[in-house]
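The values are calculated or read from the model by the stated rules, or taken from the named source; none is laboratory data. Since the model is a prediction, treat every value here as computed from it, not as a measurement. Reconstructed Cβ throughout: ideal geometry from the backbone, glycine too, with neighbour counts over all protein chains shown.
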Amino acid sequence: MRRGLASRLPLALRFALRDLTGDLRGFSVFIACIVIGVAAISGVGAVSQSLSEGLAREGRTILGGDVSVATTMRHLSPQEREFFERNGRVCEIALMRAMARSATGEATLVEIKAVDSAYPNAGAVELTPPQPLAEALGQRDGIYGLVADSTLIARLDLAVGDRVKIGGGSFRLTAELTSEPDKLAGGFGFGARVVMSEEALKATGLLQPGAVVRWLTRIALRGSGAVASDAEVERFATALTAAFPQAGWDLRKRDAVSPQFSRNQERFTQLLTLVALTALVAGGAGVANAVSGFVARKRDAFAILKALGAPASRVFAMALVEVLLVAGLAVIGGLALGATFPYLADFALSASVPLPFSPSVDMRSLAVGAAYGLLVALIFALPPLGRAYGTPVARLLRDEAEEKAPPRIFMLAALAAAALLVALVLGSAADKRLAGAYIAATAAAFALLRGVATLVVRIAQRVSNVPNARLRHAIGNIRRPKSLAATLIVSIGVTETLLVALALIEGSIHAELHQVRKNDTPSFYFVDVAKEQAGEFASFLSAFATDAKVEHVPMMRGRIVAVKGVRAEHLKPPDDIAWALDGDRGVTFSATPPKGSEIAAGQWWAAGHDGPPLVSLETRVAEGLGLVVGDEIVVNVLGRDVAARIANLRRLDWRSYGINFMMVFSPDAFADAPFSEIFTVAFADRDDPARDKRLIREVAARFPQIAALRVKDALEAVQKIANQLTFAARAAAGLTIVTAALALGSAVAASQRGRQRDAIILKTLGATRVWLTSAFAMEFALLGLVAGLFSVIAGAGAAGFILEALMKMDFVFRPWPVALTALGGLAFAIGLGLAGSWRVLGEKPGPALRRQ
């Protein structure tokens with residue numbers, strides 16, 4: 001039965017199965033390279049999809065309801081509130097910043113979350129010690145309760161039962177906040193989280209006219225079932241928008257809790273996938289070497305088949321089927337490993353990051369990983385297989401057949417597979433621009449490295465009169481047939497280029513976050529300064545530090561709701577500009593151009609302008625939204641739509657950390673509107689912790705309604721996130737090192753036969769193992785030095801482009817990380833080369849000569 005079934009299989013498949021059943025030698029590096037690359041690609045995609053599914057599954061809990069609307073500096077109107085209450089259970093939350101003060105006078109920034117009795121609409125709040133939230137926030141003996149996260153407890157050295165002052169109110173700490181279900185929907189904050197009741201917030205005196213308060217109104221809809229269906233949620237959102245088209249609120253549904261978070265997740269997933277693909281391609285040399293070794297081992301068998309009348313096409317088909325079967329096994333192994341990534345990530349994240357995660361096997365990610373693996377295998381296997389197809393029987397039967405270039409058709413087939421791989425990458429990419437730039441840069445790096453290798457070989461061919469015998473032997477190995485120059489330079493060069501670029505990007509980000517080179521970089525921000533207090537507060541700051549530079553401007557919050565007559569929700573801006581339409585942004589008004597900005601187009605309005613509102617817009621945002629001077633935008637401020645004509649465009653230096661606004665209006669646009677002031681203070685001596693601490697304590701004591709944000713604390717929080725992202729990118733880049741090592745190791749192993757013959761002859765003539773070791777070390781050092789020099793230049797160029805063109809940051813060249821990376825690559829090349837040649841170095845001449 002088994003023999004009958006096998007007889008019905010195609011001949012090429014029968015041959016391949018019989019051959020592989022007997023022996024898989026020589027394919028270990030091939031399999032390892034494919035397994036690692038496919039596992040990384042499919043695993044990264046599966047982890048991202050598991051996070052997306054978790055967000056979707058827990059969307060109602062994360063959002064705090066089925067639908068949420070956010071307004072800034074205004075409550076819902078009675079009509080809006082009534083519309084919500086007709087359709088379900090409503091809860092309201094107020095978010096704002098303030099300073100918390102302990103009994104000892106220590107003060108720190110807090111993010112206040114004031115909730116009503118209906119909170120939470122979904123999920124549950126966890127407290128330590130456990131107790132109902134309403135009980136923890138209730139009033140006892142005239143003092144409201146307060147719950148706070150561990151950050152505040154640590155900063156102010158608090159214990160349950162201690163008193164805390166916020167604004168003009170006094171609170172009793174009743175519990176530690178260990179978990180809040182809607183934390184992710186609240187966004188990123190610089191202060192510690194505290195939760196109080198809405199009544200307690202009113203008692204603090206912080207709700208002054210112009211205070212920046214973000215109100216969130218959530219609704220749990222009354223649906224046909226226990227939970228409203230997606231269709232019912234969509235119908236309510238549509239009806240809400242139609243009923244209040246001028247509301248200007250930021251509307252979120254449970255299936256799109258945070259568009260910005262989702263975009264960032266997609267981008268980072270794509271970046272990691274591309275780095276993993278680079279690792280897969282870097283291991284392509286290992287695939288090619290394995291297939292070349294396979295062809296060499298089967299040379300006699302192929303020759304016999306051709307001699308018996310088998311056409312070259314059938315011989316090629318047998319070899320191709322066998323290689324594809326091995327690639328298929330490797331892909332299956334990679335997919336099996338990649339499928340475990342979501343479960344490993346779930347285990348790791350559950351203990352450290354409070355993200356909703358739904359581990360599952362993602363078929364799309366597995367399909368993409370499989371396609372990538374098979375295409376890379378084809379790209380690097382077709383040329384060596386083509387050599388077997390085009391080599392005549394007589395040449396195949398010779399022991400030392402001279403290498404012959406494969407027929408052009410196989411090179412074209414490999415290029416077609418490469419084009420299909422590029423199309424697949426672009427087709428599956430969320431950001432086509434990023435994917436295209438990465439592919440172009442990677443292809444250019446490979447092409448240039450291959451050209452550099454060719455140039456090195458040609459230079460070696462011209463170098464003959466070298467006095468040092470070891471160096472002469474090293475140069476001879478570089479120019480010989482089957483030289484390691486191409487494999488080593490490409491493998492080491494790609495890996496080092498990636499690492500150099502990551503090191504320089506990381507260094508530039510850190511330099512950006514630590515920059516103190518600009519004299520006007522502020523040390524503190526002070527927000528929610530009532531306009532009636534602005535003069536008194538300015539006098540206080542001037543008296544506190546006479547050398548400090550103090551600036552202040554009015555500030556409100558506004559949201560772009562229409563551009564040239566098109567509603568914001570219908571616009572499709574580039575990803576790097578979409579933030580301008582996500583929620584509300586700070587806006588100000590000024591009679592003169594703000595400091596630190598440059599007029600790029602148009603004119604500033606005349607002093608005393610009294611007419612239709614005018615606005616000055618930042619240039620990159622204007623370009624991303626397709627706006628020019630004279631166009632109209634509509635911005636909702638305090639629940640009122642303000643239509644303004646663009647009078648000019650400004651270039652801003654966001655990296656100064658000074659007061660910058662995307663939109664600056666003419667003063668008449670908000671003549672009678674309530675607003676607060678935002679202050680910045682820049683000290684001449686920037687590093688004085690004692691002074692900073694004293695300033696925070698005095699501001700909190702004398703001006704309890706004003707929130708202080710130290711720029712250094714904000715930068716440290718951002719740097720922590722940058723470090724985590726860099727670590728993930730470096731972990732992915734580590735795969736490139738592994739596959740490059742495998743590829744280089746296979747190339748060294750493939751060259752052992754020729755090296756062994758040379759070593760035997762040289763030992764017969766008196767060469768020692770030390771002499772041969774130093775000669776081989778010189779060879780690998782020369783090639784590693786060339787690869788390192790290229791990687792420094794290419795990596796610096798790539799980092800500069802990414803920083804300057806994409807991230808809009810200054811490029812900072814850091815010599816020490818670059819030097820360490822280059823030296824590490826050089827040591828890696830020498831060490832791996834010598835390790836691969838160790839067997840040759842230990843061969844004794846006598847037995848080896850008897851085998852010849």
Selection status of ALA40, under 20 Å from ALA237 (Cα atoms), of a type in the set (Gly, Ala, Ser) and touching a residue at least 40 places away in the same chain (Cβ under 8 Å):
no
Is it fair to say ALA134 is out of contact with any Leu (no Cβ under 6 Å at 6 or more places or on another chain) and in a loop (DSSP other than H, G, I, E, B)?
no
I'd like to check something: does segment 276-288 contain any residue that is more than 30 Å from the chain's Cα centre (by Cα), within 23 Å of GLY37 (Cβ to Cβ) and surrounded by fewer than 21 Cβ atoms within 10 Å (Cβ to Cβ)?
no
Specify the residue that is modelled with the lowest pLDDT; the eligible residues are those in segment 438-478 that are surrounded by 15 or more Cβ atoms within 10 Å (Cβ to Cβ) and touching a Lys or Arg at 6+ places or on another chain (Cβ under 8 Å).
ASN477
SER542, sole failed condition from (1) within 30 Å of ALA767 (Cα to Cα); (2) free of Cβ contacts under 8 Å to residues at least 24 places away in the same chain
(1)
Matching option when the condition is in contact with a His (Cβ under 6 Å, 6 or more places away or on another chain) and at pLDDT 70 or above, among ALA775, ALA741:
ALA775
Scope segment 171-182; condition surrounded by fewer than 17 Cβ atoms within 10 Å (Cβ to Cβ) and not β-branched (Val, Ile, Thr); matching residues
SER179
VAL233 surrounded by 19 or more Cβ atoms within 10 Å (Cβ to Cβ) and farther than 30 Å from ALA530 by Cβ:
yes
Would you mind finding the one in ALA351, ALA371, ALA401 that is closer than 18 Å to ASP300 by Cα, in the same structural domain as ALA310 (by TED's automatic domain parsing) and either modelled with pLDDT under 85 or within 30 Å of the chain's Cα centre (by Cα) (or both)?
ALA401
Can you find a residue in segment 57-70 that is crowded, with 22+ Cβ neighbours inside 10 Å, among the hydrophobic types (A, V, I, L, M, F, W, C) and at positive phi?
no
Please verify whether SER358 is touching a helix residue (DSSP H, G or I) at 6+ places or on another chain (Cβ under 9 Å), part of a loop (DSSP other than H, G, I, E, B) and modelled with pLDDT under 85, treating the condition exactly as stated.
yes
I'd like the residue in segment 664-677 that is out of contact with any Pro (no Cβ under 8 Å at 6 or more places or on another chain) and not in a helix (DSSP H, G or I) and, out of all such residues, is surrounded by the most Cβ atoms within 10 Å (Cβ to Cβ).
ALA673
With (1) touching a helix residue (DSSP H, G or I) at 6+ places or on another chain (Cβ under 6 Å); (2) assigned to a strand (DSSP E or B) as the list, and PHE190 as the residue in question, which single condition is left unmet?
(2)
Any residue at all in segment 688-697 that is farther than 24 Å from ILE166 by Cβ and at pLDDT below 85?
yes
Residue satisfying condition, being β-branched (Val, Ile, Thr), surrounded by fewer than 21 Cβ atoms within 10 Å (Cβ to Cβ), in the same structural domain as ALA819 (by TED's automatic domain parsing) and outside any strand (DSSP E or B), within set ILE509, ILE505:
ILE509
Mind listing whichever residues of segment 560-605 are over 22 Å from ALA671 (Cβ atoms), part of a strand (DSSP E or B) and either modelled with pLDDT of 85 or more or not assigned by TED's automatic domain parsing to the domain that holds LEU625 (or both)?
ALA562, VAL563, VAL566, ARG567, GLU598, ILE599, ALA600, ALA601, GLY602
Which residues, taken from segment 598-640, are surrounded by 18 or more Cβ atoms within 10 Å (Cβ to Cβ), small (Gly, Ala, Ser) and closer than 26 Å to PRO522 by Cα?
SER616
